[in-house]
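Written below as structure tokens is the structure these notes are about.
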Amino acid sequence: MKSNVLLRNLLLSSSSLNIWRHETDKKKKGKMVGQAIGLGLLYVLLMGFLVLMAVGYGLLGIEKHIPVLGGIAVIAIEFIFTFLKTNGYLFAFRDYDMLMSLPFSTKQIVSSKFLYMYVKNLPWVVIITLAMEIGYGIFAKPAFIVYIVWFVLAMLLPLIPMVVASVLGALIAGISSEFKYKKMIQTFLTIIFVLFCFSLRFIIEAIFKNGNAETTLENIADVLDGVTAWYFPLAWFEGAVCNLNLVDLLLYVLVSVAVFEVAFTSISVFYKGINGRLMTGGAHTKTDMKKSKQRSVAQTIAFKEWKRFLSSTNYFVNNGLGMILTVIFCIAVLFLDMDKVIAAITQGAPVTKEMLLPAVPMIVFFFVGMTSTCTVSPSLEGNQMWLIESLPLTKKAFYNGKMLFNLYTTVPFAVLGNVVIGIACGGTFVQLLLFALCGIIQSLYNTTWGLVCGIRHIKLEWENEMEVIKQGSAVAIYMLPNMFITMGLCVLSVVLGLRAGTEAATLACCALYAVPALLCWLWVRKEYQHRK
């Protein structure tokens, strides 16, 4: 099949192993080996966590439902990942014109891009499946054939959720392509859908509390039966795995393949039109000559990054969602009682706003600082980096512009969140000032450490910006440790605040972030002095 040729070339062009085989720079090879080891450790940790989760299901006495729980996990992850990647992989990608000029049909191109996403997501499916099989085997002790059937059928589990996510992405792309400000509308619709996904937890809890279902162990089997009754492929998957039912197996395979064929035959009909409108510039845009503004070199680089930020849905959603959630949280605490907000998030745990007051900067930083534009902005220059290097522009000015843009996007939200949430928690004027100061220092850490990751793990050779924005090593190395450190410091802030006071806890947090921020800035300074 011609789709297989396209898929093979896509995989080869982005395969780390293939790049390693043909790379001659030993330093780059060493970095790639280190990245592979880090990714392997991440997969091992995730595998261990999921095995413990599966064992927990067995200890609760619901081992016969472990295949369904594993299937639900795969479906949810694949749906979210595909939806977030659809815009970059299926629509308005960089090599669209070149790819469409090749002797392949539109359906073959669309199918190959979809299968590329499918293959890239397979490690998650394999990890979840193997972990759940281990837990299931410990308690259910099924026949060996069950493991084989389960593993093979699990490879088809992503198809339908990925197709649904791709269709939703196509609808959003199609709707936004009809408007003048295409990217803005596409970004807005994507964020609305992502926020809806975030709110599903609270919607489900509200349904449970209204008596439509219960979250107790006694009726968890009924809840899962309800899921399988609503989502037929999951019921067929359960029947094929647990009962080795041949009819369920055939239905599951045939329907999964049929959905894939029908969906991408339909998308291919409108594919060229959607991409054409999305990638068309403002040919009929009315422009007005305005007075030109004089900016410094760093401000010009930051303004250029701002334009890129607004023109890329993936860039904006990945790095701007935390700021949007900060604003939403601030609005919530302004109009709702803070204790009620805390009770809703902690599910009624005995936590008060007075207890959380010392941890306000950490709570805000969890939203604002979970990503950094500096981790991806150097890599996003891609094959255009040579143009920048050919300009009379020093690395100092270039990196300063990247850091300035990140500060523009984080400091206002960090200060806003700390002040508003601090007021909601009953903070004093002095405490609010310390919170704001801590937010600024955290933004400096977010900027400098993010740039260290972005420089050390820069990736200029990429086929799609998604490889940098969502799959880049710099993003993972920054985000994962930062997430766990922030959660740990949040707990320590509460403990220290209860013993030494909120002011002391906040000053300690300021110091903890100021030191690495200074060290990272000194490293960046040394880096651009060596690369003028």
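A few points about this structure:
- For region 379-388, the count of residues that are over 30 Å from Thr326 (Cβ atoms), out of contact with any Ser or Thr (no Cβ under 8 Å at 6 or more places or on another chain) and outside any helix (DSSP H, G or I) is zero.
- Checking the stated criteria, Gly426 turns out not to satisfy the condition of being open to solvent by less than 50 Å² (accessible area, probe 1.4 Å), in contact with a helix residue (DSSP H, G or I) (Cβ under 7 Å, 6 or more places away or on another chain) and touching a residue at least 60 places away in the same chain (Cβ under 8 Å).
- Of all residues in region 238-288 being within 33 Å of the chain's Cα centre (by Cα) and basic (Lys, Arg), the one that is modelled with the lowest pLDDT: Arg277
- Residue match in region 358-374 (condition: over 27 Å from Cys520 (Cβ atoms) and either at pLDDT 80 or above or among the small types (Gly, Ala, Ser) (or both)): no
- Pairing each residue of region 146-162 that is farther than 17 Å from Leu246 by Cα and aliphatic (A, V, I, L, M) with any residue that is outside any helix (DSSP H, G or I) and open to solvent by 20 Å² or more (accessible area, probe 1.4 Å), provided the two are 6+ apart or on different chains, yields C-beta distances under 9 Å for Ile160/Tyr231.
- Evaluation of Ile80 against (1) among the hydrophobic types (A, V, I, L, M, F, W, C); (2) farther than 16 Å from Ala170 by Cα; (3) open to solvent by 50 Å² or more (accessible area, probe 1.4 Å); (4) in contact with a helix residue (DSSP H, G or I) (Cβ under 8 Å, 6 or more places away or on another chain) (one fails), failing number: (2)
- Looking only at region 88-104, and only at residues there that are open to solvent by 40 Å² or more (accessible area, probe 1.4 Å) and at pLDDT below 70, the one that is nearest to Asn318 (Cα to Cα): Arg94
- From the list Gly417, Gly426, Gly439, Gly454, the one residue that fits, being farther than 15 Å from Val360 by Cα and small (Gly, Ala, Ser), is Gly454.
- Pairs are defined by a Cβ separation below 9 Å, a sequence spacing of at least 6 or placement on different chains, a first member in region 402-417 that is closer than 22 Å to Leu334 by Cα, and a second member that is outside any helix (DSSP H, G or I); the pairs so defined are Thr410/Gly369; Thr410/Ser372; Ala414/Gly369.
The values are calculated or read from the model by the stated rules, or taken from the named source; none is laboratory data. Remember, predicted model here, so these are calculated numbers, not experimental data. Note that each Cβ is placed from the backbone with ideal geometry, even for glycine, and that neighbours are counted across all protein chains shown. The accessibility values were calculated without ligands, DNA or RNA, using every heavy atom of the protein model including side chains. Shrake-Rupley method; radii C 1.70, N 1.55, O 1.52, S 1.80 Å.
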